[in-house]
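Student: Can you read through this structure? Questions will come right after.
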Amino acid sequence: MIAGAKAWLGTYADDTGFWIGYGIGRRFCDWIERIRSEAPECLLSGSVERQEVDRILAALVQLGLPEARQLENKLARL
């Protein structure tokens with residue numbers, strides 16, 4: 001999922017229709033939220049996966065996706 005989101009950002013970086021309109025950003029955040037809830041050790045600060053997730057979330061926040069901001073705040077506590 002992370003690799004897919006990175007690829008989509010390369011193609012649809014500024015496309016709010018894709019990320020917000022089609023719900024792709026919300027679905028990505030839901031997926032990361034499930035991981036945070038069920039296996040938080042996978043998203044510990046400093047891990048490669050966490051760094052990638054942080055970059056993707058930052059891009060989604062820039063696009064105005066509220067779920068991305070909320071998830072950033074939750075991940076900051078890990």
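The values are calculated or read from the model by the stated rules, or taken from the named source; none is laboratory data. Quick caveat, the model's predicted, so the values are computed rather than measured. Virtual Cβ from ideal backbone geometry, glycine too; neighbours counted across all protein chains shown.
Student: Name the residue, out of 25, 17, 10, that is modelled with pLDDT of 95 or more, assigned to a helix (DSSP H, G or I), in contact with a Phe, Trp or Tyr (Cβ under 6 Å, 6 or more places away or on another chain) and of a type outside the set (Phe, Trp, Tyr).
Tutor: Result: 25 is the single residue among 25, 17, 10 that is modelled with pLDDT of 95 or more, assigned to a helix (DSSP H, G or I), in contact with a Phe, Trp or Tyr (Cβ under 6 Å, 6 or more places away or on another chain) and of a type outside the set (Phe, Trp, Tyr).
Student: Okay, next question. Just checking, how many residues over the range 28-55 are modelled with pLDDT under 95 and under 12 Å from residue 65 (Cβ atoms)?
Tutor: 0
Student: Also, I was wondering about something else. Would you check which residues across the range 59-78 are surrounded by 13 or more Cβ atoms within 10 Å (Cβ to Cβ) and farther than 11 Å from residue 25 by Cα and list them?
Tutor: 69, 70, 71, 72, 74, 75, 78, listed by residue number.
Listed here are the residues, each with its yes/no results for (1) polar (S, T, N, Q); (2) surrounded by 14 or more Cβ atoms within 10 Å (Cβ to Cβ).
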site: 3; (1), (2): no, no
site: 9; (1), (2): no, yes
site: 13; (1), (2): no, no
site: 20; (1), (2): no, yes
site: 35; (1), (2): no, yes
site: 47; (1), (2): yes, no
